[in-house]
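Report on the following structure.
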Amino acid sequence: MATATEKLPALQSAVAGLNEISENEKNGFINLVGRYLSGEAQHVEWSKIQTPTDEVVVPYDTLAPTPDDSSEVKNLLDKLVVLKLNGGLGTTMGCTGPKSVIEVRDGLTFLDLIVIQIENLNSKYGSNVPLLLMNSFNTHDDTQKIIEKYQNSNIEIHTFNQSQYPRLVVEDFLPLPSKGRTDKDGWYPPGHGDVFPSLSNSGKLDALLSQGKEYVFVANSDNLGAIVDLKILNHLIQNKNEYCMEVTPKTLADVKGGTLISYEGRVQLLEIAQVPDEHVNEFKSIEKFKIFNTNNLWVNLNAVKRLVEADALKMEIIPNPKEVDGIKVLQLETAAGAAIRFFDKAIGINVPRSRFLPVKATSDLLLVQSDLYTLEDGFVIRNKARANPENPSIELGPEFKKVSNFLGRFKSIPSIVELDSLKVAGDVWFGAGVVLKGKVSIVAKAGVKLEVPDGAVIANKEINGPEDL
């Protein structure tokens, strides 16, 4: 097996011959692999970790109110760009194409809602907040076709691609495409930490700075809670913070999420992969590490330019092993949240849970399509009739995994305002106007089709067959 110093020259030579990618991409990839091979320390010294103070992780309710004067609000918004991470496919939910075109509610997709929200802001304040979509090579072509429908909208939409890197063959550390795999399976997008160099390489960063833009609000396209917040924007501009990560209190569902710590005088993201084995349970504790990263990030564009040009953004590398047709390959990725420690005056803001509403599976889709939420001006708003601040936990069996199957099994989405938890498995079908309350479990035995009748009200009940209904 070649040593680390022997691997890099052979890899450099092979990558130089890959004509499908740019020189910037080749250099970025070699740089990333070089850092990986040098074995940069990923672990933190546990004894040096400190809980951040309220100056470092600012409570949302201490932020100054939004200015009353609409011209002041317009001035704030004219400094802002919204960037949605749009590189993911809808494959885990059984959909083809970009995940952002899955219909969320009332026939509207994630992308429709994002456009409506920003259009409303621009119309209300006479501002010009543009929308940037960072695509991957997996989503670029489809996205270009989809955004044509927004041509007459009151919003400028720009797209750019994140980097395209070759997958590494584990056995000899050479790029998979140089072995003849030049289709999409030979390549990968290197995580959303790539947003900063890609914004620069695309020319978009300089263009935005020349238009007087100062801050970019970066968020996942599938987080319905990630809407423009004027209080946060105002706070960052007033305090000249270069970077802000929105965090929110952990629940038991979030114990693996990255958290913010103070470390050697700087604020830093701590991910579970960096935690020594003997401290993993402590890391998961809600008492000790109370907050987690929502991946809603606000970043100063001048600072991005300074740090990218200095090649200073050396985020922790996340090795992601995969297999392509029986060949073991490696993807090296980085995360945008890990960049926080390189920016000056970086802070977290401890935001309400409503700003974190991701749709990762059909169980999340059930929540947002139900009476637990309403849609107003593109915003998904929680129903005040729900007394419990936490959403019900929902577990759907594999029969509901694909969006088409999920939609087919509900005549209409049940009322769940008073639901605590729901477990559904097996061949279960729901009629119209069903109401679920408390703790409900509906599990059909193998070979049994279970149909919940129209208008059924099920409260604190376990159902295993038609006789239980």
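Numbers at a glance
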item	result
Residue satisfying condition, being at pLDDT below 95, in contact with a Phe, Trp or Tyr (Cβ under 7 Å, 6 or more places away or on another chain) and of a type outside the set (Lys, Arg), within set 343, 379, 289	289
Residue 440 being touching a Lys or Arg at 6+ places or on another chain (Cβ under 7 Å), surrounded by 16 or more Cβ atoms within 10 Å (Cβ to Cβ) and in a loop (DSSP other than H, G, I, E, B)	no
Hits in the range 152-178 - residues which are charged (D, E, K, R) and within 23 Å of the chain's Cα centre (by Cα)	156, 167
Index of the failed condition, residue 387 passing every other in (1) part of a loop (DSSP other than H, G, I, E, B); (2) in contact with a Leu (Cβ under 8 Å, 6 or more places away or on another chain); (3) not acidic (Asp, Glu)	(2)
Selection count where residues are among the hydrophobic types (A, V, I, L, M, F, W, C), under 16 Å from residue 217 (Cβ atoms) and surrounded by fewer than 19 Cβ atoms within 10 Å (Cβ to Cβ), scope the range 111-146	0
Residues satisfying the stated conditions in the range 70-100, i.e. open to solvent by 20 Å² or more (accessible area, probe 1.4 Å) and either among the β-branched types (Val, Ile, Thr) or farther than 30 Å from residue 398 by Cα (or both)	70, 71, 72, 74, 75, 78, 79, 91, 92, 96
Single match in 380, 329, 368 (criterion: open to solvent by less than 10 Å² (accessible area, probe 1.4 Å), in a strand (DSSP E or B), over 18 Å from residue 198 (Cβ atoms) and of a type outside the set (Lys, Arg))	329
Some residue of the range 269-277 being farther than 29 Å from residue 55 by Cα and surrounded by fewer than 17 Cβ atoms within 10 Å (Cβ to Cβ)	yes
Sole residue being among the aliphatic types (A, V, I, L, M) and surrounded by 13 or more Cβ atoms within 10 Å (Cβ to Cβ), chosen from 456, 385, 446	456
Top-ranked residue of the range 251-279 - restricted to ones that are assigned to a helix (DSSP H, G or I) and under 26 Å from residue 100 (Cβ atoms), ranked as farthest from the chain's Cα centre (by Cα)	253
Identity of the residue in the range 4-39, open to solvent by 70 Å² or more (accessible area, probe 1.4 Å) and either part of a loop (DSSP other than H, G, I, E, B) or modelled with pLDDT under 90 (or both), that ends up nearest to residue 172 (Cα to Cα)	6
Qualifying positions in the range 333-369 - closer than 25 Å to residue 400 by Cα, hydroxyl-bearing (Ser, Thr, Tyr) and in contact (Cβ under 8 Å) with a residue 60 or more places away in the chain	362
Hits in the range 232-250 - residues which are touching a strand residue (DSSP E or B) at 6+ places or on another chain (Cβ under 9 Å) and either open to solvent by 10 Å² or more (accessible area, probe 1.4 Å) or assigned to a loop (DSSP other than H, G, I, E, B) (or both)	235, 237, 239, 240, 241, 242, 249, 250
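Conditions tested, residue by residue: (1) loosely packed, with under 15 Cβ neighbours inside 10 Å; (2) at pLDDT below 95; (3) out of contact with any Asp or Glu (no Cβ under 6 Å at 6 or more places or on another chain); (4) part of a strand (DSSP E or B).
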position	(1), (2), (3), (4)
394	no, no, yes, yes
399	no, no, yes, no
406	no, no, yes, no
412	yes, no, yes, no
432	yes, no, no, no
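The values are calculated or read from the model by the stated rules, or taken from the named source; none is laboratory data. Worth saying up front: this structure is predicted, and the values here are computed from it rather than measured. For neighbour counting, all protein chains shown are included, and Cβ atoms are generated from backbone atoms with ideal geometry for every residue, glycine included. Each accessible area value is taken on the protein alone, full model and side chains, heavy atoms only, with ligands, DNA and RNA left out. Shrake-Rupley method; radii C 1.70, N 1.55, O 1.52, S 1.80 Å.
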